[in-house]
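First the structure, in the form of structure tokens, and then the observations on it.
What follows is calculated from the coordinates using simple rules that are stated; it is not laboratory data. Here the structure is a predicted model, which means the values were calculated and not measured. A quick note on method: Cβ atoms are made from the backbone with ideal geometry, for glycine too, and the neighbour counts reach across all protein chains shown.
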Protein chains: 2
Amino acid sequence: MTDWTHEAARLDAEDPLAKWRAEFLLDEGVAYLDGNSLGALPRATPERLQRAIRQEWGEGLIGSWNGAGWIGLPQKIGGMIAPLIGAQAHEVIAADSVSVNLFKLIGAALQMRPGRKVVLSEPGNFPTDLYMIAGQEAQGLAERRLADRSDIGSALDDDVALLLLTHVHYKTGAMYDMAALTKAAHATGALVLWDLSHSVGAVPVDLNGVGADFAVGCGYKYLNGGPGAPAFAWVAQRHHADLRQPLSGWMGHAAPFAFEDDYAPAPGVSQLLCGTPPILGMRALEVGVDLMARIGMEPLVAKSRALSAFTGKVMAACVPELACISPADPAARGSHLSYVHPHAYELCQALIARRVIGDFRAPDALRLGFAPAYVSFADCWRAVSELRAIIDSGDWRRPEFSTRAAVT
Amino acid sequence: MTDWTHEAARLDAEDPLAKWRAEFLLDEGVAYLDGNSLGALPRATPERLQRAIRQEWGEGLIGSWNGAGWIGLPQKIGGMIAPLIGAQAHEVIAADSVSVNLFKLIGAALQMRPGRKVVLSEPGNFPTDLYMIAGQEAQGLAERRLADRSDIGSALDDDVALLLLTHVHYKTGAMYDMAALTKAAHATGALVLWDLSHSVGAVPVDLNGVGADFAVGCGYKYLNGGPGAPAFAWVAQRHHADLRQPLSGWMGHAAPFAFEDDYAPAPGVSQLLCGTPPILGMRALEVGVDLMARIGMEPLVAKSRALSAFTGKVMAACVPELACISPADPAARGSHLSYVHPHAYELCQALIARRVIGDFRAPDALRLGFAPAYVSFADCWRAVSELRAIIDSGDWRRPEFSTRAAVT
């Protein structure tokens with residue numbers, strides 16, 4: 001029988017990213033496998049936020065919009081995210097939430113494809129992607145069409161203005177072939193909007209390489225920007241001249257401080273700004289993105305794949321009764337694995353009680369996420385061995401593990 | 001000749017709110033008269049944010065959505081804002097930015113008044129209010145109509161779905177008669193949306209008392225929530241059942257964690273949530289709102305009026321060459337005074353160099369804001385006396401004071 005403890009230790013000893021764990025304030029007693037939902041706290045963040053609060057806000061006051069560079073943070077952080085997703089610096093902006101950014105870009109796409117109203121996605125996509133289409137559908141501006149992933153190709157026709165897909169599925173971890181689907185959409189005249197929430201910082205993304213049109217992504221998962229961090233949006237340079245989005249707030253105006261009555265969009269992605277940017281969130285996101293940029297996407301991707309491959313192998317060997325619904329090929333999935341079980345909720349709660357933190361996604365999935373910057377192979381082995389022990393002991397049947405909380 | 005130094009000292013000595021200044025981390029060397037643009041830093045905020053970052057995020061990790069109550073912060077903070085604006089606790093929610101909330105409620109109003117497309121406002125309203133109407137106009141959903149404030153009554157007809165006004169004008173400080181205009185709008189079947197950005201925390205607002213329909217407001221001015229703090233939105237209870245807004249994100253869903261494909265709105269103002277709430281910003285806003293709630297609106301309003309009355313009097317006596325464009329009656333204006341001068345920009349910069357911080361609003365207005373929780377009468381007198389000195393010395397002509405920064 002394989003000595004997995006030893007194997008995990010060997011892999012950790014060989015891991016070129018192991019040193020980066022010290023850059024996070026993460027209790028050594030916790031195996032944190034939920035960085036795909038909320039990334040861990042970078043060590044530099046508390047001090048950086050203290051400075052933003054006491055010096056920039058408290059002492060610099062209103063002058064910090066210029067003096068501390070607050071006004072340029074959305075563009076600056078966007079530029080820092082760009083190399084993680086195969087974008088040019090001036091094509092990315094940090095702003096609002098993923099949901100709000102989806103609304104902007106759905107609106108922009110519809111405006112660029114007059115006569116077409118269909119926004120195509122898949123059933124079971126992350127809910128907010130589907131709901132933001134529904135919002136414009138309720139306004140009479142869009143028509144939502146859903147097709148299973150195997151039928152996306154045939155559902156693309158000349159009514160489709162926009163194909164909106166989440167690159168890595170939040171539940172299964174299945175990853176779309178971004179190049180192939182972008183090409184298929186373009187062949188029918190449709191635009192493509194990729195939701196990179198479960199991709200950025202964990203899997204290879206080359207937006208300009210595949211010729212995509214739009215993207216959005218999340219700041220609080222693998223980018224470690226903190227709870228409810230600002231999101232980002234990307235628009236390919238070739239669309240900048242034609243870009244018009246419906247959330248035309250003053251910060252996206254060409255001259256916000258001219259206080260004109262009529263809206264005139266700022267050039268490029270700056271138009272995607274709407275209200276006043278959330279500076280505390282921006283400062284925290286900046287720290288998280290900086291860390292990812294310093295580690296670099298290539299080693300992050302390699303480590304992500306090694307962690308999920310190791311965990312998949314150990315789960316199959318040790319907890320075979322949990323069926324994996326994630327693709328078997330590491331190159332075809334994101335940085336998490338999902339296992340279904342009728343009592344996945346209780347198993348997840350029992351794991352958390354043992355300080356192994358994964359998460360549950362309704363109705364029956366246990367997710368284990370591998371944030372490559374700080375998860376160790378030992379963490380992964382601990383998750384598997386605790387899961388084995390929980391099942392063997394029947395521990396998960398304890399009544400407190402079936403109590404549902406507000407956020408599950 | 002009046003000894004204004006003595007008079008200011010006397011007023012400060014008698015000021016029942018003077019003790020609250022110690023609750024803010026504000027350099028004694030600064031006269032901060034720009035709390036109407038960015039409120040000062042509450043003393044409790046740095047420590048509260050450290051706790052949110054280190055304990056809630058760093059240690060509690062994903063579990064803090066339930067464990068630290070993150071998931072309920074928008075409703076909790078909304079409930080804390082409610083008494084400041086004459087609302088019921090369950091009618092207010094903290095979310096997104098003023099701009100984004102305007103978009104939601106413009107959309108909601110249009111949906112409640114089928115057959116009417118006009119959104120009426122005034123020219124020179126704060127730009128984002130006008131631009132957010134323009135956004136839905138560009139989508140073909142709204143028609144923007146602007147009428148000077150004296151003509152609002154006659155511009156209300158049965159094409160008007162919504163009257164959208166900023167209660168206190170950002171530039172002049174002129175305050176609308178909210179009761180009269182709400183009544184006039186309702187008489188023509190229109191709904192009313194009040195932007196309280198320059199009102200909340202400084203002037204009396206009684207939304208339910210006047211029977212208004214919708215309101216939005218800013219978290220970073222008199223509520224002291226920090227740069228780019230979350231904003232809030234209010235919807236009168238009687239509209240909750242019919243409320244539908246276009247930014248239908250997952251956090252506004254009736255069951256966000258059921259991960260359903262179809263959108264179903266949460267009851268009441270929770271539907272106004274869109275993406276994941278910005279938790280760091282929420283925690284900072286909570287501290288600022290708590291301070292305002294503890295002081296109470298009645299003394300805040302009294303102090304605001306006393307400060308602006310004193311400043312108005314001293315300015316008229318000492319700097320008569322600057323014309324005041326704010327209403328003379330303290331009860332007819334907000335908590336700031338605006339003075340026009342061809343070199344208002346340079347005067348403002350010269351004041352800032354002397355650590356008297358007001359602000360400039362294009363093309364020619366110098367604003368002096370009186371955040372009643374921490375501004376002293378001595379601060380106001382200092383602003384006037386420095387302004388006198390700057391004009392007398394010609395100091396404002398120094399070339400560095402005419403250099404325009406990104407944010408003016």
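Here is how far apart the B:Gly153 label points are across copies: 6.9 nm, shortest first, using a point 7 Å from Cα toward Cβ. The gain in end-to-end length when the A:Arg54 to A:Lys76 segment is fully stretched comes to 5.7 nm, 0.36 nm per residue minus the alpha carbon separation.
Within chain B, helices built from complete DSSP H runs that reach 20 Å or longer along their own axis (Cα positions) and carry a mean Kyte-Doolittle hydropathy of 0.5 or higher are B:98-112, B:279-295, B:297-318. Applying 0.36 nm per residue to the separation of A:Thr403 and A:Val340 and subtracting their alpha-carbon distance, the gain on full extension is 20.8 nm. Counting from the shortest, the label point at A:Asp27, 7 Å from Cα toward Cβ, is 4.0 nm from the same position in each remaining copy.
In deg cm²/dmol, rounded to 500, what helix-only [θ] at 222 nm does chain A give when every DSSP H run of at least 4 residues adds -39500 (n - 2.57) and the total is split over its residues? Working shown, then result.
On the way: 13 runs with 141 residues, N = 408.
Mean residue ellipticity at 222 nm (helix-derived): -10500 deg cm²/dmol.
Cross-link reach is defined here as a Cα-Cα straight distance under 18 Å, omitting same-chain residues fewer than 8 places apart; for B:Lys117 the lysines meeting it are B:Lys104.
Across the copies of the chain, A:His186 has label points (7 Å from Cα along Cα→Cβ) spaced 5.7 nm apart, shortest distance listed first.
Once fully extended, how much extra length lies between B:Glu321 and B:Ala362, figured as 0.36 nm per residue of separation less the alpha-carbon to alpha-carbon distance? Intermediate results must be reported in sequence, preceding the final value.
Working: separation 41, 0.36 × 41 = 14.76 nm, distance 1.88 nm.
Between B:Glu321 and B:Ala362, full extension yields an extra 12.9 nm.
Any chance you could check the Cα centroid distance between segment A:198-237 and segment A:169-185 for me, in angstrom? What the calculation gives is 14 Å, centre to centre.
Remark: segment B:394-401, residue by residue, has Karplus-estimated 3J(HN,Hα) of x, 4, 5, 7, 4, x, 5, 7 Hz, where x stands for each Gly or Pro and the curve is 6.51 cos²θ - 1.76 cosθ + 1.60 at θ = phi - 60°.
Mean-square fluctuations from a GNM of chain B, with a 10 angstrom spring cutoff on Cα atoms, peak among B:Pro83, B:Pro299, B:Pro127 at B:Pro127.
Neighbouring Cβ atoms from other chains, within 10 Å of the Cβ of residues in A:65-77, number 2 on average. Each residue of segment B:39-52 was assigned a 3J(HN,Hα) from its phi angle through the Karplus curve 6.51 cos²θ - 1.76 cosθ + 1.60 (θ = phi - 60°); the sequence is x, 6, 7, x, 4, 7, 5, x, 5, 4, 6, 4, 5, 4 Hz, with glycine and proline shown as x. Counting, for every residue in A:267-278, the Cβ atoms of other protein chains within 10 Å of its Cβ and taking the mean gives 5. Excluding B:Gln136 itself, what net charge comes from residues whose Cβ is under 10 Å from its Cβ, given Lys and Arg +1 and Asp and Glu -1? Value of the local net charge: 0.
Per residue of A:117-127, how many C-beta atoms from partner chains lie within 10 Å of its own C-beta, taken as a mean?
Numbers: counts 0, 0, 0, 0, 1, 1, 2, 3, 2, 2, 13.
Going residue by residue through A:117-127 and averaging, the value is 2.
Summing +1 for each Lys or Arg and -1 for each Asp or Glu among the other residues whose beta-carbon sits under 13 angstrom from that of B:Trp234 gives -2.
The Cα center of segment B:375-392 and the Cα center of segment A:330-366 differ in position by 63 Å.
In the structure shown, the pairs A:Lys183/A:Lys221; B:Lys19/B:Lys171; A:Lys171/A:Lys313; A:Lys76/A:Lys303; B:Lys221/B:Lys303 are assessed against 22 Å; a Cα-Cα span above that value is assigned to A:Lys183/A:Lys221; B:Lys19/B:Lys171; A:Lys76/A:Lys303.
Tally the DSSP beta bridges in the protein assembly as shown and give the antiparallel ones as a percent, rounded to 5. That works out to approximately 55 percent antiparallel. Amide H contacts for A:Glu122 (H built 1.01 Å from N in the peptide plane; partners 5 or more residues away or on another chain; cut-off under 5 Å): A:Ala147. Note on segment A:46-295: antiparallel DSSP beta bridges, both residues inside, total approximately 40 percent of the bridges counted.
Look at the alpha carbon pairs under 8 Å that are at least 6 residues apart: their mean separation over the length of chain A gives a relative contact order of 22 percent.
Cβ under 11 Å from A:Ala22's Cβ, A:Ala22 left aside: what net charge do those residues give with Lys, Arg +1 and Asp, Glu -1? Please report the intermediate quantities before stating the final value.
On the way: positive: A:Lys19, A:Arg21, A:Arg43; negative: A:Glu23, A:Glu28.
With Lys, Arg at +1 and Asp, Glu at -1, the neighbours total +1.
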